[in-house]
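Visitor: Below: one structure in structure tokens.
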Amino acid sequence: MTSKFAALSGTGKPYRSFATLGGEPLVDKDGKRAYIDMLSEDSPTGRRFDKDWRERVLDLAADGKPAPTDYERNIAKAAALTTGWYLVNPETLEHMDEPCTLENAQELYALADSRWLWGPAWVAANNSANFIKRSAKGSTATQSGTPSEASS
């Protein structure tokens, strides 16, 4: 049964975050932009991750082991939410043909100084407004940014 509030919930589709470096889009030699696709942090995948993570932390505590850090949790959750990517080597501008898998995402996101690439996608995954279906007609304050922009 569909909720009467279903129109107010997310689309369930990933959000595409385009990579930038120094404020400029990162593109390969053919002009294709680098990106990371992530699901919403409160998507069913995100909620399942949170439940599994809580159980893991409780198991570690029961065994007298320390809990992972918040940063380690964020890396693990970002990897779990990642559904696709197009990676570009910023030095050579060559496409990096590595498949988007949970293991590869965890490895990439755990690299020192890699947050410039996945951080914006992680921030976008934590902004629920990025996942709301919008009308193609007209403009509202939430679509344009400010009421003055929407009315002009």
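The values are calculated or read from the model by the stated rules, or taken from the named source; none is laboratory data. Everything quoted here is computed from the prediction, not taken from an experiment. Methodologically, a virtual Cβ is constructed for each residue, glycine included, from the backbone with ideal geometry; neighbour enumeration extends over all protein chains shown. Only protein heavy atoms, including side chains, enter the accessible area calculation; ligands, DNA and RNA are left aside. Shrake-Rupley method; radii C 1.70, N 1.55, O 1.52, S 1.80 Å.
Visitor: Please work out the average accessible area per residue across the chain, using the 1.4 Å probe convention, and give it in Å². Display every interim value, and only then the final one.
Guide: Working: 10090 Å² over 152 residues.
I get 66 Å² per residue for this part.
Visitor: For Lys32, give me every one of the aspartates and glutamates with a C-alpha distance below 18 angstrom, ignoring sequence neighbours fewer than eight places off in its own chain.
Guide: Correct list for Lys32: Glu24, Glu91, Glu94, Asp97, Glu98.
Visitor: Also, quick follow-up: Ignoring ligands, DNA and RNA, what percent of the 1.4 Å accessible area of the chain is carbon and sulfur? All intermediate terms of the calculation are to be shown ahead of the outcome.
Guide: Numbers: 5400 of 10090 Å².
The value for the chain is 54 percent carbon and sulfur by accessible area.
Visitor: At 0.36 nm per residue, and after removing the present C-alpha to C-alpha distance, how many nm does the segment from Cys100 to Thr83 gain when stretched out fully? Please report the intermediate quantities before stating the final value.
Guide: Working: separation 17, 0.36 × 17 = 6.12 nm, distance 0.70 nm.
Extending this stretch completely gives an extra 5.4 nm.
Visitor: Here's another thing I want to ask about it. Could you work out the helix-only [θ] at 222 nm for the chain, with each DSSP H run of four or more residues adding -39,500 (n - 2.57) and the total divided by the number of residues, to the nearest 500 deg cm²/dmol? Write down the numbers at each step before the final one.
Guide: Details: 6 runs with 60 residues, N = 152.
Rounded to the nearest 500, the figure is -11500 deg cm²/dmol.
Visitor: Shifting gears a bit: Go ahead and run the numbers for FRET between Leu93 and Glu72, Cβ-Cβ distance against an R0 of 30 Å, rounding to 0.05. Walk me through the numbers on the way to the answer.
Guide: Working: r = 32 Å, r/R0 = 1.05.
Once the sixth-power term is evaluated, E becomes 0.40.
Visitor: Continuing with the same structure: So which chymotrypsin sites (Phe, Trp or Tyr not before Pro) in the range 1-60 end up in coil per DSSP with only 14 or fewer other C-beta atoms within 10 Å?
Guide: Numbers: sites: Phe5, Tyr15, Phe18, Tyr35, Phe49, Trp53; in loops: Phe5.
The qualifying sites are Phe5.
Visitor: For Val27 and Leu111, what is the calculated FRET efficiency with R₀ set at 22 Å and r taken between the beta-carbons, to the nearest 0.05? Write down the numbers at each step before the final one.
Guide: On the way: r = 21 Å, r/R0 = 0.97.
The formula returns an efficiency of 0.55 here.
Visitor: Would you please give the residues with an amide H less than 5 Å from that of Met96, counting only those at least 5 places away or on a separate chain, with H modeled from the backbone geometry?
Guide: Hits under the 5 Å cutoff: Leu87, Val88, Asn89.
Visitor: Can you classify the range 72-116 as rounded, prolate or oblate using the Cα gyration tensor, where a ≥ b ≥ c are the square roots of its eigenvalues, rounded means a/c under 1.5, and otherwise it's prolate if a/b beats b/c and oblate if not? Spell out each step's value before the answer.
Guide: Details: a/c = 2.61, a/b = 1.50, b/c = 1.75.
Taking the square roots of the gyration eigenvalues as a ≥ b ≥ c, the range 72-116 is oblate.
Visitor: Can you give me the distance in nm between label points at Asp50 and Asn127, each placed 7 Å from the Cα along the Cα-to-Cβ direction?
Guide: The modelled label-to-label distance comes out at 2.0 nm.
Visitor: Specify the inter-centroid distance of the range 83-121 and the range 39-69, based on alpha-carbon positions, in whole Å.
Guide: 23 Å
Visitor: Please check: in the Gaussian network model of the chain (C-alpha springs, under 10 Å), which one of Asp37, Asp63, Asp28 has the largest mean-square fluctuation.
Guide: Taking springs between Cα atoms under 10 Å, the residue moving most is Asp63.
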